[in-house]
Amino acid sequence: MKLKVFFLFAAVGVLVFLGARKPGNNEDKERVLIQALLSGLSQVHIQPVNLDDDFSKKAFDLYLERLDGNKRFFVQSDIDVLMDYRLDIDDQANFGNYEFFNASVKLLNERIAEAESYFNEILKEPFDFEAEDQIEFDSEKIPYAVDKEQLKEYWRKSLKYRTLTRLNDMIEAQDKAKEKGEAEEVKTIAEMEIEAREKELQVHDRWFKRIHQLERKDRLATYLNSITSVYDPHTTYLPPQEKENFDIGMSGRLEGIGARLQSDGVETKVVSIVPGSASWRQGELKVNDIILKVGQAEEEPADVEGMRLDDVVKMVRGKKGTVVKLTVLKADGSKKVIPITRDVVVIEDGYAKSTLLESDNTDDKIGYIYLPRFYADFNKLGGKNSGDDIKNEITKLSDEGAEGIILDLRNNGGGSLNDVIQMAGLFIEKGPIVQVKSRTGKPKIKYDPDPSVHYDGPLVVLVNSGSASASEILAAALQDYQRAIIVGTPTFGKGTVQRFMDLDQAVPSGMTGIKPLGYVKFTTQKFYRINGKTTQLQGVTPDIILPDNYVYLETGEKEYDYAIGLSEIEPADYKELDDLKQLEKIKRASQKRVNASEVFGVIDNNAKWLKKERDDTVTSLNLEDYEAKEAETKLMSDKFENLNLKIEGLKISSLKADMASINMDTTKVAQRENWIKDLSEDVYLNEAILIMSDLMKTEAYAANK
């Protein structure tokens, strides 16, 4: 949603700066850009910050982290030089001055040129993989190099590790080929080491070429976002091209693989999979996978470590029907090559859908609804929206005999607030749903607009750490009313809402030479539960918590720098329902099943192992030690992947009301079959079914059966 606000004093500032000069000068544009950005944020951000020395320190530290977070370019003397500007960013930003930014870019470019010679020199000589050597991967645990010799040692260890991983892959590939009798040529380790270094040389040569291709506007966006991130992690500056990419992603129609990516400057990580997309249908690419290489069909894959995100995205996107091969690093440390045939994302599969579940373990017919996001077409009167769709899915399920409903909000990152309110109102007669507080004024209570109850039967809601924002509002409201049992893992903890503002609105219409400036996405409001508490940082804690692979890792909003803090307000006036009087009994029964489950036991052990691996940031550069570690990783990975997840006795049926539409399209048929297969191996859904069965036997619902 775009915010239409004009900033008078920002426009005045433009006139003062430009004077009689012809608008369009790049220096003028940059001055206007930062002042318009700060003017807008000072007026509309929910939690404006003072542009003082403390602000300057925070922006400086964020910028330095983003500029050289792995400490591979700057030495301590460079940091000492830049530290002279640490208290000046606020003043320079106010006056549209870029002295610090210019100095940092000039110094960085000099150090990049020097580092380019390091890797060429280091990779000329063979590495000794029998030596007892190791590398620390947590950049916070190592200081900046005291001099260039120590910096070169940092580079040597980094290049040695990369060559080691490449060498290990080559050894494994050759051993497998020998086992199958397919090895055309058997190479010695020394020969493979040479080849591994040569490939690493090519990778770094391409990487530095890409670095040299970075333009000033790319560096400038990093600098400006270091400033906006001091406000909160969701307040960001988007250059015109990035806003265009954002709009494409939000439209739900792309030719590509349908995975949203994020980069920390070195690693490209999968942060979400678009429902219905090529990646979603293929099924092997997962959230948190790190993309190491991208290959086009049968071509040699290109190493993308250190590549700009825009460039990675361009390589991954492509025409429908073409194949891209992604080499990814899984969370457990294993590597996998995933071929994906690009396609147009079928937008219908991003909508709510449902099915009927019947199990040999229960006598019940249960409705299951999957909601991937809270969508709404704001540009079309009467357009499709998730609130109406959920209502329709409930009606279809009820018509086909569903006695209980499981609503799945796992990995639902949020969306339309109005749809959350409408959706929650389907399950209660009347009352407040959420409280919203802007920068000024009292909290506003958002009420259920419809006094009727569309569904009054037993309800279970599935959530996980990927359930955020609107998902958390709905789960929290149903939990506060004691209307549903919330099942899964603690949610993400995002209790804020953002809007977009076009920075061109700060510029008088006649000064077209300055435009386009881009956009700012900023936080305008905080959500509060009807009990007065917030979902911000702490998320929603499920009534029944299930083991999860990532439960011991620090995740969610609370891990972001300068996330907006916790606060509470007065509770709204609401009355708890009598639906969950026997919740404690149901919880005990679930815990007993989980404790006895082999699958959940392996999941919990795997989660503990992942935590241990994540905390161990030092890796050996000795080939024998590395191979032993890789063998351990593969053993753990195989143990998890070889689990029998098939849920015995579970029958999953498509709704009769949907079959005509599904059968008209072979793609939809295949998608439905894949979806049903996934559900048949979903241990969390299985436990939700058993929880639902226990809930349906309670006094509140048993009489209605």
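The values are calculated or read from the model by the stated rules, or taken from the named source; none is laboratory data. Please read all numbers here as calculations on a predicted model, not as lab measurements. Backbone-built Cβ (ideal geometry, glycine too); neighbour counts: all protein chains shown. For the accessible areas, the whole protein counts, side chains as well, though only heavy atoms, and no ligand, DNA or RNA atoms are used. Shrake-Rupley method; radii C 1.70, N 1.55, O 1.52, S 1.80 Å.
Filtering the range 264-315 to residues that are of a type in the set (Val, Ile, Thr), touching a strand residue (DSSP E or B) at 6+ places or on another chain (Cβ under 7 Å) and surrounded by fewer than 21 Cβ atoms within 10 Å (Cβ to Cβ) leaves 270, 271, 287, 290, 312, 313. Pairing residues of the range 286-302 that are on the phi < 0 side of the Ramachandran plot and in contact (Cβ under 8 Å) with a residue 40 or more places away in the chain with residues that are surrounded by fewer than 17 Cβ atoms within 10 Å (Cβ to Cβ) and among the polar types (S, T, N, Q), at Cβ distances under 9 Å and at least 6 apart in sequence or on separate chains, gives 302/296. A Cβ distance below 9 Å, combined with a sequence gap of six or more or placement on separate chains, defines the contacts here; from the range 170-182, residues that are surrounded by fewer than 11 Cβ atoms within 10 Å (Cβ to Cβ) reach residues that are among the basic types (Lys, Arg) and in a helix (DSSP H, G or I) in the pairs 182/176.
For the range 499-519, filtering for residues that are surrounded by fewer than 18 Cβ atoms within 10 Å (Cβ to Cβ), in contact (Cβ under 8 Å) with a residue 60 or more places away in the chain and hydroxyl-bearing (Ser, Thr, Tyr) leaves 1. Cβ-Cβ below 8 Å, separation at least six or inter-chain, first residue in the range 522-540 and without any contact (Cβ under 8 Å) to a residue 40 or more places away in the chain, second open to solvent by less than 30 Å² (accessible area, probe 1.4 Å) and assigned to a loop (DSSP other than H, G, I, E, B): which pairs? Note: pairs meeting the criteria are 534/495. Contact annotation: no residue pair with Cβ atoms under 7 Å, 6 or more positions apart or on different chains, pairs a residue in the range 189-211 that is free of Cβ contacts under 8 Å to residues at least 12 places away in the same chain and farther than 14 Å from residue 304 by Cβ with a partner that is hydrophobic (A, V, I, L, M, F, W, C) and loosely packed, with under 13 Cβ neighbours inside 10 Å. Looking at the structure I just gave you, is residue 82 closer than 19 Å to residue 222 by Cβ, over 28 Å from the mean Cα position of the chain (by Cα) and modelled with pLDDT of 95 or more? So residue 82 fits the description; yes.
Criterion first (part of a helix (DSSP H, G or I), more than 30 Å from residue 564 (Cβ to Cβ) and at pLDDT 90 or above) does residue 205 satisfy it? It is false that residue 205 is part of a helix (DSSP H, G or I), more than 30 Å from residue 564 (Cβ to Cβ) and at pLDDT 90 or above.
Can we say residue 404 is in contact (Cβ under 8 Å) with a residue 12 or more places away in the chain, in contact with an Asp or Glu (Cβ under 9 Å, 6 or more places away or on another chain), crowded, with 21+ Cβ neighbours inside 10 Å and under 30 Å from residue 365 (Cβ atoms)? Judged against the criteria, residue 404 is a match. Only one entry of 680, 653 meets the criterion of being modelled with pLDDT of 90 or more and closer than 30 Å to residue 332 by Cβ, and that entry is 680.
Among the residues here, residue 566 does not qualify as assigned to a loop (DSSP other than H, G, I, E, B), hydrophobic (A, V, I, L, M, F, W, C) and crowded, with 17+ Cβ neighbours inside 10 Å. Tallying residues that are assigned to a loop (DSSP other than H, G, I, E, B) and open to solvent by 100 Å² or more (accessible area, probe 1.4 Å) within the range 624-649 yields 4. Filtering the range 585-599 to residues that are open to solvent by less than 100 Å² (accessible area, probe 1.4 Å) and of a type outside the set (Val, Ile, Thr) leaves 587, 589, 590, 591, 593, 596, 597.
For the range 444-458, the condition holds for no residue, the condition being that it is closer than 26 Å to residue 594 by Cα and acidic (Asp, Glu).
For the condition open to solvent by less than 60 Å² (accessible area, probe 1.4 Å), β-branched (Val, Ile, Thr) and outside any helix (DSSP H, G or I), what is the one hit in 676, 652? Exactly one of 676, 652 is open to solvent by less than 60 Å² (accessible area, probe 1.4 Å), β-branched (Val, Ile, Thr) and outside any helix (DSSP H, G or I), namely 652.
Quick check on residue 440: is it free of Cβ contacts under 8 Å to residues at least 12 places away in the same chain, assigned to a loop (DSSP other than H, G, I, E, B) and on the phi < 0 side of the Ramachandran plot? Judged against the criteria, residue 440 is a match. Could you please let me know if residue 613 is under 30 Å from residue 140 (Cβ atoms) and touching a residue at least 24 places away in the same chain (Cβ under 8 Å)? In short, yes.
Results for (1) part of a loop (DSSP other than H, G, I, E, B); (2) in contact (Cβ under 8 Å) with a residue 40 or more places away in the chain; (3) open to solvent by 20 Å² or more (accessible area, probe 1.4 Å); (4) not aliphatic (A, V, I, L, M), shown as yes or no for each residue.
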{"site": "388", "(1), (2), (3), (4)": "no, no, yes, yes"}
{"site": "395", "(1), (2), (3), (4)": "no, yes, yes, yes"}
{"site": "398", "(1), (2), (3), (4)": "no, yes, yes, yes"}
{"site": "410", "(1), (2), (3), (4)": "yes, yes, yes, yes"}
{"site": "423", "(1), (2), (3), (4)": "no, yes, no, no"}
{"site": "450", "(1), (2), (3), (4)": "yes, no, yes, yes"}
{"site": "465", "(1), (2), (3), (4)": "yes, yes, yes, yes"}
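Hey, could you check the range 114-130 for residues that are part of a helix (DSSP H, G or I) and of a type outside the set (Ser, Thr, Tyr) and say which is nearest to residue 73 (Cα to Cα)? Top of the filtered list is 115.
The set of residues from the range 40-57 being out of contact with any Asp or Glu (no Cβ under 6 Å at 6 or more places or on another chain), assigned to a helix (DSSP H, G or I) and surrounded by fewer than 19 Cβ atoms within 10 Å (Cβ to Cβ) comprises 42, 43, 53, 54, 57.
So in the range 213-224, with the set limited to residues that are part of a helix (DSSP H, G or I) and free of Cβ contacts under 8 Å to residues at least 40 places away in the same chain, which one is least open to solvent (accessible area, probe 1.4 Å)?
221
If the condition is being crowded, with 20+ Cβ neighbours inside 10 Å and modelled with pLDDT under 85, then the range 323-349 contributes 345, 346, 349. Here residue 495 qualifies as within 18 Å of the chain's Cα centre (by Cα), on the phi < 0 side of the Ramachandran plot and small (Gly, Ala, Ser).
Any idea how many residues of the range 520-529 are among the hydroxyl-bearing types (Ser, Thr, Tyr) and buried (at least 24 other Cβ atoms within 10 Å of the Cβ)?
1
What tally of residues in the range 129-152 results from selecting those that are free of Cβ contacts under 8 Å to residues at least 40 places away in the same chain and loosely packed, with under 13 Cβ neighbours inside 10 Å?
2
If you go through the range 593-629 and keep only what is charged (D, E, K, R) and more than 15 Å from residue 684 (Cα to Cα), you end up with 608, 611, 612, 613, 614, 615, 616, 624, 625, 627, 629. Kindly indicate whether residue 613 is exposed (fewer than 13 other Cβ atoms within 10 Å of the Cβ) and not aliphatic (A, V, I, L, M). Spelling it out, it is not the case that residue 613 is exposed (fewer than 13 other Cβ atoms within 10 Å of the Cβ) and not aliphatic (A, V, I, L, M). Just one of (1) modelled with pLDDT of 90 or more; (2) assigned to a loop (DSSP other than H, G, I, E, B) fails for residue 527. It is (2).
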